[in-house]
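The values are calculated or read from the model by the stated rules, or taken from the named source; none is laboratory data. Owing to the predicted nature of the structure, the values given are computational and were not obtained by experimental measurement. Ideal geometry is used to build each Cβ from the backbone, glycine not excepted, and the neighbour counts take in all protein chains shown. Ligands, DNA and RNA are excluded from the accessible area calculation, which covers all protein heavy atoms including side chains. Shrake-Rupley method; radii C 1.70, N 1.55, O 1.52, S 1.80 Å.
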Amino acid sequence: MKKFIVFISILILSINVYAEDVDKVAQTGIKMLDVGAGARACGMGEAFTVIGQDASALFYNPAGIGELDSRFDLSVGATRWIADINYLYAAVAYKAGTVGSFGLSVIAPDYGEILGTKVDESHPDGFVRTGLIDPESYCVGVAYAREFTDKFTVGGQVKYVYQHLGSSEVEAVGEVYDTLLSKNEVSSMVYDFGLMFYPGFKSFAFGMSVRNFSPRVKFEQNGFETPLTFTLGIGLDLMDFLGDYPDYSFNIGAEMLHPRDWQEQYHLGGEFGIRNMIFLRAGYKFRYSQEGLNAGVGISYGGIRIDYSYSEFELFDMINRVSVGMAF
């Protein structure tokens with residue numbers, strides 16, 4: 001226990017030291033890894049590091065699948081993002097008894113058709129159209145988590161991410177002018193790690209996750225890093241303090257995030273459950289340039305879950321998410 005507290009203290013101190021440089025905008029790429037997945041999590045403002053204990057936890061804290069209430073859990077959904085981009089995702093988790101839990105996650109954005117252009121100073125518009133391009137991205141992850149005791153769970157995930165933004169022609173200047181074909185693609189292995197700890201005070205829990213850790217990758221001539229994010233969170237069921245109300249739950253989550261390419265951010269969210277069937281959610285994301293209020297609803301019956309959430313996006317349309325889950 002003492003070693004664990006010392007470890008967390010060192011981690012928090014290292015994050016605070018790392019946080020001194022706040023001028024970090026536009027330092028990462030493959031930003032699809034930053035888009036929230038799961039209507040339940042996003043309805044709570046993504047305050048999900050401790051709350052998530054189903055397959056969708058793979059997108060926030062892989063340790064969460066170590067505490068599955070069922071043998072098998074599946075979650076699929078879609079996010080209607082800005083600029084008519086659709087994010088499709090799926091996650092499945094299987095609890096293999098004392099061996100631990102295994103998981104598989106997939107993220108597949110659909111960018112739609114995009115009109116390609118090329119600079120041409122001889123043209124009145126300064127450019128010419130080159131036809132449609134079809135960008136492609138996906139991320140596939142394999143995870144493992146284990147509940148070592150009733151107080152301590154650890155999990156990790158290895159992900160392969162690929163992004164292709166369409167081929168383009170580049171003029172190379174040497175002894176003679178030449179035209180080269182640039183593929184504009186990049187791939188990398190990405191790693192997640194997380195833990196959950198219950199100190200023994202009612203349902204209070206502490207969680208930590210490190211998401212999107214990777215070596216530096218290179219997109220043609222420009223190098224960058226994936227959106228590494230450190231998260232520290234706490235969670236509890238407020239009904240533990242209000243008396244004996246077995247038909248109700250009120251899960252609260254609060255967390256601090258340290259992203260590689262932004263200042264410190266904070267998530268606060270709650271989920272009020274009625275007879276484990278109807279759920280009302282709300283959350284707020286602090287110190288974001290565009291995002292803020294989030295809300296959502298959910299229905300669960302017979303092992304089937306249906307969730308919806310919306311998120312405000314100040315300069316763009318409202319973000320809508322829908323997900324469906326199954327557990328048995």
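Out of (1) buried (at least 17 other Cβ atoms within 10 Å of the Cβ); (2) closer than 14 Å to residue 41 by Cβ; (3) not acidic (Asp, Glu), what's the single condition that is false for residue 322?
All conditions pass for residue 322, except number (1).
Could you list, ordered by first residue, the pairs with Cβ atoms under 7 Å in which the first is in segment 303-320 and part of a strand (DSSP E or B) and the second is among the polar types (S, T, N, Q), at least 6 apart or interchain?
Between residues of segment 303-320 that are part of a strand (DSSP E or B) and residues that are among the polar types (S, T, N, Q), the close pairs are 307/323; 309/294; 310/320; 311/294; 313/290; 319/79; 319/311.
On the basis of being open to solvent by less than 20 Å² (accessible area, probe 1.4 Å), touching a strand residue (DSSP E or B) at 6+ places or on another chain (Cβ under 8 Å), modelled with pLDDT of 90 or more and not hydroxyl-bearing (Ser, Thr, Tyr), does residue 19 make the cut?
Here the answer is no, as residue 19 does not meet what is asked.
Which one of 243, 223 is out of contact with any Asp or Glu (no Cβ under 8 Å at 6 or more places or on another chain) and on the phi > 0 side of the Ramachandran plot?
Being out of contact with any Asp or Glu (no Cβ under 8 Å at 6 or more places or on another chain) and on the phi > 0 side of the Ramachandran plot holds for just one of 243, 223, which is 243.
Surrounded by fewer than 24 Cβ atoms within 10 Å (Cβ to Cβ), farther than 18 Å from residue 159 by Cα and out of contact with any Cys (no Cβ under 6 Å at 6 or more places or on another chain): is that true of residue 45 in this structure?
No, not satisfied.
Give 162, 191 a once-over and let me know the one that is under 12 Å from residue 30 (Cα atoms) and either modelled with pLDDT under 95 or among the aromatic types (Phe, Trp, Tyr) (or both).
So the residue among 162, 191 that is under 12 Å from residue 30 (Cα atoms) and either modelled with pLDDT under 95 or among the aromatic types (Phe, Trp, Tyr) (or both) is 162.
Looking only at segment 258-287, filter to residues that are out of contact with any Leu (no Cβ under 8 Å at 6 or more places or on another chain) and free of Cβ contacts under 8 Å to residues at least 24 places away in the same chain; which one of those is nearest to residue 43 (Cα to Cα)?
Once the filter is applied, the top-ranked residue is 280.
If I filter segment 221-235 down to residues being buried (at least 20 other Cβ atoms within 10 Å of the Cβ) and not polar (S, T, N, Q), which single residue comes out as nearest to the chain's Cα centre (by Cα)?
That would be 227.
What's the number of the condition residue 150 fails, among (1) open to solvent by 70 Å² or more (accessible area, probe 1.4 Å); (2) over 24 Å from residue 206 (Cα atoms); (3) of a type outside the set (A, V, I, L, M, F, W, C)?
Of everything listed in (1) open to solvent by 70 Å² or more (accessible area, probe 1.4 Å); (2) over 24 Å from residue 206 (Cα atoms); (3) of a type outside the set (A, V, I, L, M, F, W, C), residue 150 misses just condition (2).
Run down 244, 240 and say which single residue is loosely packed, with under 11 Cβ neighbours inside 10 Å and acidic (Asp, Glu).
244
So residue 255 clears everything in (1) loosely packed, with under 15 Cβ neighbours inside 10 Å; (2) within 15 Å of residue 42 (Cβ to Cβ); (3) not hydroxyl-bearing (Ser, Thr, Tyr) except one condition, right? Which one?
(1)
Within segment 278-292, count every residue that is at pLDDT 95 or above and surrounded by fewer than 14 Cβ atoms within 10 Å (Cβ to Cβ).
Total meeting the criteria: 1.
Residue 218 passes all but one of (1) surrounded by 13 or more Cβ atoms within 10 Å (Cβ to Cβ); (2) under 30 Å from residue 118 (Cα atoms); which number fails?
If we test residue 218 against (1) surrounded by 13 or more Cβ atoms within 10 Å (Cβ to Cβ); (2) under 30 Å from residue 118 (Cα atoms), just (1) comes out false.
Can you pull out the residues in segment 234-255 that are outside any loop (DSSP other than H, G, I, E, B) and without any contact (Cβ under 8 Å) to a residue 12 or more places away in the chain?
239 - this is the single residue of segment 234-255 that is outside any loop (DSSP other than H, G, I, E, B) and without any contact (Cβ under 8 Å) to a residue 12 or more places away in the chain.
How do the strands (runs of 3 or more DSSP E) wholly within segment 57-147 filter down when requiring 3 or more residues that are in contact (Cβ under 8 Å) with a residue 24 or more places away in the chain and either open to solvent by less than 60 Å² (accessible area, probe 1.4 Å) or on the phi > 0 side of the Ramachandran plot (or both): which remain?
72-80, 86-95, 101-110, 136-147
Hey, among the residues in segment 101-117 that are in contact with a helix residue (DSSP H, G or I) (Cβ under 8 Å, 6 or more places away or on another chain) and at pLDDT below 95, which one's farthest from residue 142 (Cα to Cα)?
Going through the qualifying residues, I end up with 112.
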